[in-house]
1. Please report 277, 112, 267 as a ranked list, fewest other C-beta atoms within 10 angstrom at the top and most at the bottom.
2. Which residue fluctuates most in the GNM of the chain (Cα springs below 10 Å): 32, 308, 272?
3. Which order do 64, 119, 83 fall in if you start with the one that has the fewest other Cβ atoms within 10 Å?
4. With an 8 Å cut-off on Cα pairs and a minimum separation of 6 or more residues, tell me the relative contact order of the chain in percent.
5. Under a crude label model (7 Å from the Cα following the beta-carbon direction), how far is residue 268 from residue 35 in nanometres?
6. Over what distance in Å are the Cα centres of the range 113-160 and the range 2-59 separated?
7. What is the projected area of the convex hull of the Cα atoms of the chain, averaged over all directions, in nm²?
8. Kindly state, to the nearest 0.05, the FRET efficiency for residue 156 paired with residue 256, given R0 = 51 Å and r defined as their beta-carbon distance.
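Nothing in this text is a laboratory measurement; each read-out follows from the coordinates by a stated rule. Worth saying up front: this structure is predicted, and the values here are computed from it rather than measured. Cβ: placed from backbone, ideal geometry, glycine included. Neighbour counts: every protein chain shown.
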Ligand code: ADE
Ligand code: ZN
């Protein structure tokens, strides 16, 4: 359709993508087989039938299960390379990718195995696909701050490969305040800071992420509109939000895409961006997120272009690199 070709034609960024969430069932079965691991499902079809979620936690349970078949550097490479070739075909030119080290180190897979596989795929994409990238190590908030500190220590030998740290997993009951010390230590090491906040959690968690963790960008942030003062702060300081519309739909953050507050945010002057979060689980990569959102919210071409420009603005590219794209 015309809308799809407009979206395809716009060079895009992806700023909110969990590499473990790009694990397609077909590749999962292939890697499970070569690693001699049995999955709880006997076919791609039966696995896909389980992808029905009422909330974030129901998704996370399946997402962590899927990641268990990843054992070797080659597995992490294949996972990352599959994602990069896919988004390359969708005219994504810059990615800022999350990985969850603890999901793997807690199973006995060494930190260096994980990061080397991911890093080598990112470097290959930079050279062969002309995709620029940043890498973000995300702490799992359902685990302790001490465990996050151990992860930070494991990461230090690879500091040059990692641009920032994030905070993800089960939001409710795990407020940003739980991680103040490890975010402070991470900042001292020179990492940029982001955190998931206000996806299922209240506006109060966004305040905490900004004031206590001192983050540079908010992942999701849907609930910011509940709080007028917070909204004004986000507008005044142009703090970017990495929204994920299809994720919000699949995790019932919104009941239907028509209810999404993206246009309200744009109209208020919030630096909102569109991203895919966990595309293998939520039914779409970047183009599908733009497309479904555009249809549901009747976005015009100017709004679509604005969203893409916002992606570059919100990215960690240098000002010169940004200007080259927009
Ligand atoms: N991990 C992967 N996707 C996530 C999401 N949408 N929210 C929190 N943690 C996640
Ligand atoms: Zn996320």
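1. Lowest count first: 267, 112, 277.
2. Of 32, 308, 272, the Gaussian network model singles out 32 as fluctuating most.
3. 64, 119, 83
4. The value is 20 percent.
5. If labels sit at residue 268 and residue 35, their model points lie 4.1 nm apart.
6. 20 Å
7. 15.4 nm²
8. E between residue 156 and residue 256, to the nearest 0.05, is 0.70.
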